[in-house]
Structure formats: C-alpha cells, structure tokens
Amino acid sequence: MRLVSAVSLICLLSVSVLAQQVPTPKSVLGFQPTDDRTIADWKQISDYFAKLDAASDRVKVQEIGKTTLGRSQIVAFISSENNIRDLDRHRQISASIANPTGTDRLYQDNAKAVVAISCSIHSTEIVASQMSMLMAYDLASSQDAATKQILDNVILLLIPSANPDGIDIVADWYRKTLGTKYEGSSPPELYHHYAGHDNNRDWFMMNLQETRNITKLFWQEWFPQIVWDVHQQGQTAARMTVPPFFDPPNPRIDPRILRELGLLGYKMAADLQATGQPGIVTNATYDTWWHGGFRSAPYYHNSIGILTEAASAELMSPATITRQQLERQRPTRGYNNPLETATNAPDAWQGGEWSPRDISRIELVAGRAVLEMAAKFKDRYVENMYELASKNLKPDPNEPQAFVVYAGQPREETVSRFLEILMWQGMEVRLLTEEIEGATDADNRSEIHEIPGGSFIVMVNQAQKPNVLSLFEEQIYPERINANGEAEVPYDVAGWTLPLQMGVEYTPVFEIKDFEKDPLNFVRKTEVIRDINRARRALNLSPVSGPFAEMPNPLRNPARVGLYKGWTGSMDEGWTRLVLDNYGIEYTTMMDDDVRGGLSDFDVVILPSMGENSIVQGNSEQRYPKEYAGGIGAEGVANLKEFVSDGGRLVCFDSSCDLVIKEFGLDVKNVVEGLNRSQFYCPGSILALDVDTEDPLARGLKKRTAAYFTRSSAWEIGKGSSLKSVARYADDDLLLSGWILGEDRIQGKTAVATAQHGRGELVLFAFRPQHRGQSYATFPFIFNALEKREQ
C-alpha cells in the first residue's frame, strides 16, 4: 500500500513539475492573451511558441517559409512525446495514405489522425491568433485522460496565423489608436501586402507566398484529414456559425466529405450548447460550391475542411450589442433573424457585451470538439481518406480520362506558370514524349484526333481527382431563384475554370487510344514532370532559380506608371501591384496627396476598381485620424483631367470607370446599372469577349478571349461618343463558366473602350482585367496600356 502511495506521489510530483516547466502565455507575454485591450504581435506570438518548443516534448515548431514581407511563418506540431519523436515517420505514413499504391494498408495500424488548425488568415479577425497560444499551452501541459487521448491519437498542425504580416499591421494600428475614439477600427491599409481579405481567395492559384507555404505543408508533405480555418464575422451575426453549410454543394465534393463535415460541425454546436452558449448557428450563410478558400481547397484533396465564423468584437476591445442592432441585422441565407429560434439556431442570443475572451472561449470549445472527434474516430478519418483516394484512381466512363495542354501554343511563360500552379498542389503532370491518339468528344469517341508530342497531359485518375476536375472543368452553377424572383447570391463566386482564366489552350480527352491498347507503352510515351524547369525546357524557356520566379517583363517601351492607392485599403489595388511586381514592371504608388499635388511625373496613371466615394472622399474623419482621412478631392479630380488633356493616359478598372465617365462627360451608359437580381445577375463568372485584335490595346490577345466578370459593367456607347469599343461581350456562347441571369442584356455591349481626350487618352475596362491575379488571359490588355505611346 505504501509502495502504491509512493508511486502515486511521484506521478503527481512529475505532473506538477511538468506543468511548472511549460511556460504559460502570461509568463512570457506579461498579460493573458485575449484579455480586453491586450494584443500580441507576431514576434511575441512566435517567441512564445519557441519557448513552448524548448520546454515541452509535446511541441515542435518549424518554419514553413517566409511571408511576403519576410517574416518567419511557423507551424507548431503538437502531439505525444513519442509521436513528436517519430514525426517524420508519421509524415511518411500520412502521405502514403493520401496517395495509395496498394500496399498502404500495412501502415494504417500505425497511422495517426492529422488535424490542421489555422488562425487569423484575416488579421482583423485577430482573436484566434491570440487564442492559439492558450490552445497550445493547454495541450502541452494538461495531464487529464481526454488530453492524453488526443495527444496519443492526433498530430495537430497548429498555425498561429496564416498571415503573420497582417498580425503586425493590426497590432501596430490597435496600439496606435488604443484609448482614442478610433480604438477598435480597422487599419487604413490592406492587412495583407497584396491581397487584404482576398488572401483567402488564393488557394488554387498560389499567387501569395503564404498560400504556397501552407499548400506545400498540406498537400506535398502532411495531407491532413481535417483542416479547420478559424474566422470571425460581423458583430451582429450569429455568435458562431459552424458546419454543415448552406446549399449548393459542389458536385465534385464526395458526399462522404460533406457528411463528415456535418458531424464535426454538430459536435462543435452540441459542445457549445452544453456550455450554455446561445447564438450558435448551422446550415447558414456559407456554402460548399466555391473552390479557392482555405477550408474549401481541402475538399478536393479528400480532406474535411471546416470553417467557423465567430462574431467579432472591436478588434481586441469589447463591444456592446443591443437588441436594436440585432433587429437591424440583414437576413442571410438560412438565418433570417438572430433574435428568433429555429431548428438550425435553437437558442437565440439576445444581445449584451461581447469580448475577445468570449470569442476565444467558444473557439477553444470548438477546437476541443474537433480534436476529441479526431482522437476517438482516428481510424475512421484515416480510412476515409485512404478509400476516397483509392476510389479516385479508378476510371469513370462519364468523366474525361485526361486533360491535354497543347504544345506550340503562344504565351509559353503563362503555360509554364499554369503547370507550376498544378504541380505545387501535388497534381501529377506528364510530358508527352511522343504523339498519341485520343477522342476529345464525349459523344463521339470513334472520332480520333492526334495529340502532338511535346504536349502536357494531366491524367484525371489521380488521388486528388476532384481537384483535377474542378480546376479544368467549366462550372455550371445551379440557377437558384428566391421567392421574390431574384437570384440567390452565392458565397463568393460561381465559376473559376483555371485554364480559361489564364488563356491556356487545353482539351479533355475521353479515351486515350494508346492507353486502351497498351497502358505500359503509353506510360513509356510520357515523362512525369518533377521540376518546373523540366517543363520549361520542353517549352524552350530558360530555367529559373526557384519556385514561382518573376515573370519576364512584357513591356517593350515602358511608360512612367503611377498606381493610385489611397487609404481605403483597396484589394483591387493590391492585386494590381502583385501583377506588376510579378512581371517586374516599375511603377510609383500614389497616395491622395500625390494626386492632389500633380501628375506631371507620369505617362500613365492607373485607377484600380474603387468606387467614386472611396477615391474622391476617402475615409471619414469620424472614423480615422486626419492623416488617413479624405480622398483626392476636387483638386485631385481636376489634376486627373489636366493630366489627360496634357497627353497622359488614364487607365481605369471596373468601378473606377464610373468616376471618369461622369467627370469627363463621356456619352456611355452602363446597361446593367440599377437592374435588380431578377433582371440581371452575374456573380463571379468567366465570360467570352470578342476582341478587335487590330487595336494596339489588344496586341497579343485572341479574337475570342475569356474575361472575369464579377458584378461588373457593360456599356452602350452613344452614337456621337468619342469612345471606341476594343472588346465586346460575345453575342453567342457568352458564358464560359459560372452563372449569368439575363445574359441578353449585355451581349454585344462594350467591355473595353478607349477615347482620345485633349492630347491624352482614356482606357476603360468594364471588368477587372487582373482579377485576383488570376485572369492571365486579359493581362495583355494591361501591359499594352502601359507601353509608352510613340510621339
């Protein structure tokens, strides 16, 4: 008996010593994370995780790459001491399960559930980054049976922030405004250097360094079965929205994924309800149609992607939400009134104070729910990923067998970048070393076409088949009309077909004759591309020194370019900068006072897609300090007019055209302005343009070019107008991917126009030719507009 007591005492002492050795966040930071009016910047967060790594055998922190602005981006692996010791072996096991070869079941007895939790990709949704330290400490120090079960059965990849640069932008702004009337406001700049909020729209495109870092971690190395992306939403929305989500689902997501997603979401909701937390909502607002988000990309890799959205405070300051504010909350899909109960919202929140600590508390409960499910049903999640990947290797007669990217097409650099994007996501790309034959018509497979050697081929039957199909296929969004006859607004966009956006020539192949005759001989006619420089050699391009290298500058005679930025944080401006930087095109950023001061130093000025109020009025002094308030004003507008009259070229994207059309008195009408969603609607889709390729602005474009339309414009030019139409929305086969309602209203209408004004020129785009850095097909319009005009 005494021996048992002694052993028990030793165990208790060991637990106590362990707890004392693991540093608390407060002991490192000097405050408790998520307390009101405290904020940890990226150095403080990363320093805490480094100290946790040094003190705990349950934690291993690794740098996964550098951010856009050069900060260290980290992941914390958290698991049992044994699992951390054998981390590389577990990575190999997880990779083998996600990419089965037939012998992988030997590994499954030793497999752990791999769960990724990522915080604060949107940096104004700041609480999760602070909460991450509390979650890590709890898992590193707790000795209860439930925690041990998690640690033994789960390997957690905890990403304290998917946007470290933004954490510092928000922390600096919050500290600067703390105690002033501006406390809790958003920074007057993008919280990602290029993308701002759109950094969560890049997950098939790989434009951003942070996206590439995490994509490599997930889909080249670890292949998590569960990915949770932790977000915040508006203050008067539900206290937390959790899965399952609203309709429509994407047909390329396996039903098993959606069911498992629902189970995890209901576990979150049930555990939160058990704590007495009202205002938890399921089946609302967000859907599973769109590809391109942090939590939606995993669906196409046989993984469960979770999104939660907690109601926000005022950054790290508490907010008081009244019933009157909740009554004014606009209805969203599946959630009409936050004060009413419903099956998907059975306990309505009635208002009150809402603090960062409240947000952290519900995020920690939701996180525990996910980890407990992963621990208890480890084998189920592992088996699901293995079975889905194995199923994807089998052919389906209703699907293409492959997609071919043709040899010899123009714009080889764009083709190379397209292939690199696919490969970075773990997709296998092959080079045809010899000519093959195949049927490219699904309805006439007896008609055989030659596919030339030197082409690239992407076989559909890969482990990530849904990703292959979702990126190559044209999306057909289901027409969803509300009871009032108006189109139901989808979450984000309706279509995104990647080769169409990028202007890459490709074709589906429904039956490869060489493969059907002799699979081994077909394989001998192909070569797996394992490095982008191998693809570049096949395209007769020079090698590059590393991934996603700068593209060659396309300008022959570059103009002096000024790019308007202002203080309102325009994502379109950020994406414009990214495109110019990616191609090494020099430009000068112009703030409001620069425009007011005169534009004589420039040949070309670009106004990205921004509304008239944002450009002219800017931020209000009621919400921002004077140095960040006010736009270009009447003086700036007058300078723009003078700039064009004196020989400058003013280039306008989408919304900014409204200001220019008004101020320059152009005889043109936006034919979709003022229409409701029963008359016209096009929510992020790829449309066909008919292009006047004889016009200098259209040099290098195809007569039929794909363009991205997202609540954009379509112009009818007056008979006596000085405007010339360079591109029109196609009269036939207008919709290439996505959804459009009332397409006849814009068919044949102008999409790109130019006009001489004084000695200068106006260049107007009714759409965004650089949309999210994805629409390479229309980039040449921009490049041509930045060429210095011959005198």
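Each of 737, 620, 495 was scored by the projection of its Cα onto the charge dipole of the chain, and the greatest displacement toward the positive side belongs to 620; charges sit on the C-beta of Lys, Arg, Asp and Glu.
Pairs of Lys residues in the stretch 390-542, spaced 8 or more positions apart or belonging to different chains, with C-alpha separations under 18 angstrom: 6 in total. In a reduced charge model with +1 at each Lys and Arg Cβ and -1 at each Asp and Glu Cβ, the stretch 179-301 shows a dipole moment near 180 debye about its Cα centre.
In the full protein context, the chain carries 39 Å² of accessible surface per residue, based on a 1.4 Å probe and ignoring ligands, DNA and RNA. For the stretch 550-601, with all protein chains in place and a probe radius of 1.4 Å, 42% of the accessible heavy-atom surface sits on carbon or sulfur. Spatially, the stretch 700-748 and the stretch 402-450 are offset by 29 Å when compared through their Cα centroids. In a fully extended conformation the segment linking residue 235 and residue 613 would gain 133.6 nm over its present Cα-Cα distance, using 0.36 nm per residue.
In this structure, the amide hydrogen of residue 491, modeled 1.01 Å from its nitrogen in the peptide plane, lies closer than 5 angstrom to those of 287, counting only residues at least 5 positions away or on a different chain. Dipole magnitude for the stretch 303-364: about 140 debye, using +1 per Lys or Arg Cβ and -1 per Asp or Glu Cβ, origin at the Cα centre.
Annotation for residue 534 and residue 54: the two label points, set 7 Å from Cα along the Cα-Cβ direction, are 4.3 nm apart.
Could you pull out the pairs from 43/66; 43/216; 703/724; 26/181; 662/724 whose alpha carbons sit more than 20 Å apart here? Where the Cα-Cα span goes over 20 Å, the pairs concerned are 43/216; 26/181.
For the chain, taking the reciprocal of the average inverse distance between every pair of different Cα atoms yields a Kirkwood hydrodynamic radius of 28.1 Å.
Once backbone amide H atoms are built at 1.01 Å from N, residue 788 has 557, 559 as its partners under 5 Å, excluding neighbours fewer than 5 places away on the same chain.
Listed by chain and number, the lysines placed with their C-alpha closer than 19 angstrom to that of residue 565 are 626, 641; residues fewer than eight positions away on the same chain are left out. Under the classification rounded if a/c is under 1.5, otherwise prolate if a/b is larger than b/c and oblate if not, where does the stretch 555-712 fall, given a ≥ b ≥ c as square roots of the Cα gyration tensor eigenvalues? Judged from the Cα gyration tensor, the stretch 555-712 comes out oblate (a/c at least 1.5, b/c at or above a/b).
One Cα centroid belongs to the stretch 492-547, the other to the stretch 171-188; the line between them spans 49 Å.
Note on the stretch 694-791: with neighbouring protein chains present and a 1.4 Å probe, carbon and sulfur make up 44 percent of its accessible heavy-atom surface. Straight-line cross-link reach from residue 267 at under 15 Å between alpha-carbon atoms covers these aspartates and glutamates, not counting any fewer than eight positions away in the same chain: 363, 372. When you restrict to C-alpha pairs under 8 Å that are six or more residues apart and normalise by the size of the stretch 276-366, the relative contact order lands at 38 percent.
Ranking 539, 582, 656 by Cα position along the charge dipole of the stretch 532-670, where only Lys, Arg, Asp and Glu carry charges on their C-beta atoms, puts 539 farthest toward the positive end.
Annotation for residue 702 and residue 743: the two label points, set 7 Å from Cα along the Cα-Cβ direction, are 1.7 nm apart. Ordering 756, 686, 781 by the projection of their Cα atoms onto the charge dipole of the stretch 632-791, which places +1 on the Cβ of Lys and Arg and -1 on the Cβ of Asp and Glu, puts 686 at the extreme positive end.
Rounded to the nearest 20, the size of the Cβ-charge dipole of the chain about its Cα centre is 1380 debye, with Lys and Arg at +1 and Asp and Glu at -1.
Show which aspartates and glutamates lie in cross-link reach of residue 60 when reach means a straight Cα distance below 19 angstrom and same-chain residues fewer than eight apart are skipped. List returned: 47, 81, 86, 88, 138, 152, 221.
Scan the chain and note any complete DSSP helix (H) whose C-alpha atoms cover at least 27 Å along its axis and whose Kyte-Doolittle average is -1.0 or more. In the chain, the long hydrophobic H runs are 2-21, 255-274, 356-376. Ranked by the mean number of other Cβ atoms within 10 Å of their residues, highest first, the peptides 198-204, 218-224, 154-160 fall in the order 154-160, 198-204, 218-224. Mean separation of Cα pairs under 8 Å and 6 or more residues apart, divided by the residue count, gives the stretch 680-791 a relative contact order of 32 percent. Here the 3J(HN,Hα) profile of the stretch 700-714, calculated from phi with Karplus coefficients 6.51, -1.76 and 1.60 at θ = phi - 60°, is x, 8, 8, 4, 10, 10, 7, 10, 9, 10, 9, 6, 8, 10, 8 Hz, Gly and Pro shown as x. Computed on the chain, with alpha-carbon pairs under 8 angstrom and 6+ residues apart, the relative contact order is 11 percent.
The values are calculated or read from the model by the stated rules, or taken from the named source; none is laboratory data. Note that this is a predicted model, so its numbers are computed, not measured. Quick reminder, even Gly has a Cβ in these numbers, built from the backbone with ideal geometry, and neighbours come from all protein chains shown. In case anyone asks, the SASA skips ligands and DNA or RNA and just uses the protein heavy atoms, side chains included. Shrake-Rupley method; radii C 1.70, N 1.55, O 1.52, S 1.80 Å.
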